[in-house]
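Comments concern the structure below.
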Amino acid sequence: MLTAVLLFLPLAAALLLLLTKGATARALALGASIIEFGLAVYTAFAFKSSGAASFNLNYSWIPSAGINFHLGLDGLSLLLVLLTTFLVPLILLSAFKRDFENPSAFYALVLFMQTGLLGVFTSLDAFLFYFFWEVALIPIYFLAGAWGGERRVAITLKFFLYTVVGSLLMLAGFVYLYLQTGPAAGSLAQHSSELSAFYSLKLSAAEQSWLFWLIFAAFAVKMPIFPFHTWQPDTYTEAPAPATMLLSGIMLKMGIYGTMRWLLPVVPLGVSQWQKPVIILSIIGIIYGAIIAIRQRDVKRLIAYSSLSHVGLMAAGVFSLTQIGLQGAVVQMLAHGVNVVGMFFIADAIERRTGTRYIPDLGGLTRRTPVLTVCFLVMLLSTVALPLTGGFVGEFLLLAGVYQYNAWVGAVAGLTIIFSAVYLLRMFQRVMLGPDSSFSETITDLTGGELLILVPLIALVFWIGLFPNSFLHLSEPAVANILTLAGR
């Protein structure tokens, strides 16, 4: 029942928002998201860490087909539910700084997307997972397409086509797996779409080889990893700041989560066969994203390529198929979500004050913005993986996992830290500390409302960095279970 409340509260609030206007819509959206976060925290305190799912909700959805409305939480899903419900109120609060046309629709779409995200992270039935996977896509399409930049229509269409094609390939893979299952206990249906039924399948190496790419296509696009990434920089740049935060902070985690939950244990022989090529693509993404980021002159676009580079390391850590690599991916999903939302919010704050994101036009901003400078530096240093920050814990574990797989590959993957220090510190120097610009004397510092967004993010940066075991303890049984099912 608790899982159902977590899932449907944002949906109910989204429907109510369509009947409200103006400030009432903003207050209702924020209030519902805060209540949702409180429920998620309560769930975390009531959760008993184990490899099995807790708080199960399992109703027969389409009895004749053996499809169930089955939700549940293990440590991995719980952490992503906590991340989602923590970030959504902050993203909503950040939207208050801009006047959006038809705000009730805007905020309703954000909460509708939250429902889809939570559904993805809690679904234990393949077709239910696919249903929520698509549900999460619809709101972001309208958020970016209706409230984005000048090129929003073409860019959003490209994003939509990439995602839909990947999703249809995943659906084809799920249908094949479904047809290989037998009837579930007590069911009259000939097949079952339960996750546990997929885990029990005994498929040949040849079957798993092509099934791997059908299913992985959707996850590779969503993360994204090279060369499935070409929609990402443009979409991140053209989408309104809250939509960019949703995409980068939460939505890309769907791909990493899906790989861990639905790929590694279901087609382990396919994963073993294609492990090396995927890791090579991930490493290429790390280097490519970093080099392109170094050349960027737009703050938002630079952060987008930085995200691509860091996601490549997460993918490599997952495909190292090591306990430490998967644990690193879990922690880095949390740290990256916090870091990238903070970075995009700061980029938006600078753009609102100056009217530009173009780095050569900025400079000397720190003179009148000491609080902004400190907040910017903290989020940046966590992204660079400075010790005692969340970014360091995640990247250290990921690099250790990749190093266990192959020492040379681990050494190359470690370049992500060096490259990120180059492009992020150089960007910070030019924007905040460089020669004075026309904005140096007129720019204003962060307001109290903006600190309400950044202070919780900074607090979590240090919480993850100083007390990583509070998160690793939750995810460890689930990760161990995934590796056991994957035959590792």
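The values are calculated or read from the model by the stated rules, or taken from the named source; none is laboratory data. What you are looking at is a predicted structure, and each value in this text was computed from that prediction instead of being measured. Positions of Cβ are generated from backbone atoms using ideal geometry, with glycine treated the same way; all protein chains shown enter the neighbour counts. The accessibility values were calculated without ligands, DNA or RNA, using every heavy atom of the protein model including side chains. Shrake-Rupley method; radii C 1.70, N 1.55, O 1.52, S 1.80 Å.
Listed values, structure above:
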{"quantity": "Filter result for the condition that a residue is closer than 29 Å to Ala154 by Cα and open to solvent by 10 Å² or more (accessible area, probe 1.4 Å), over Leu118, Leu109", "calculated": "Leu109"}
{"quantity": "Filtered residues of region 252-280 (kept if under 17 Å from Phe226 (Cα atoms) and buried (at least 22 other Cβ atoms within 10 Å of the Cβ))", "calculated": "Leu252, Lys253, Met254, Gly255, Ile256, Thr259, Ile279"}
{"quantity": "Residue list for region 230-251, filter: part of a helix (DSSP H, G or I) and either among the aliphatic types (A, V, I, L, M) or open to solvent by 10 Å² or more (accessible area, probe 1.4 Å) (or both)", "calculated": "Asp234, Thr237, Glu238, Ala241, Ala243, Met245, Leu246, Leu247, Ile250, Met251"}
{"quantity": "Residues (of a type in the set (Asp, Glu) and touching a Ser or Thr at 6+ places or on another chain (Cβ under 9 Å)) located in region 93-139", "calculated": "Asp125, Glu134"}
{"quantity": "Residue, least open to solvent (accessible area, probe 1.4 Å), within region 392-408, restricted to residues that are among the small types (Gly, Ala, Ser) and farther than 11 Å from Ala335 by Cβ", "calculated": "Gly401"}
{"quantity": "Close pairs from region 68-84: first acidic (Asp, Glu), partner buried (at least 24 other Cβ atoms within 10 Å of the Cβ) and in a strand (DSSP E or B), Cβ under 7 Å, at least 6 apart", "calculated": "none"}
{"quantity": "Out of Phe45, Phe96, Phe55, sole residue that is free of Cβ contacts under 8 Å to residues at least 24 places away in the same chain and open to solvent by 40 Å² or more (accessible area, probe 1.4 Å)", "calculated": "Phe45"}
{"quantity": "The lone exception for Phe471 - which of (1) farther than 22 Å from Ala304 by Cα; (2) in contact with a Lys or Arg (Cβ under 9 Å, 6 or more places away or on another chain); (3) aromatic (Phe, Trp, Tyr) it fails", "calculated": "(2)"}
{"quantity": "Unique match (being surrounded by fewer than 21 Cβ atoms within 10 Å (Cβ to Cβ) and hydroxyl-bearing (Ser, Thr, Tyr)) among Thr389, Thr383, Thr354", "calculated": "Thr354"}
{"quantity": "Unique residue being touching a strand residue (DSSP E or B) at 6+ places or on another chain (Cβ under 9 Å) and either outside the structural domain of Leu117 (by TED's automatic domain parsing) or of a type outside the set (S, T, N, Q) (or both) when the list is Leu30, Leu17, Leu57", "calculated": "Leu57"}
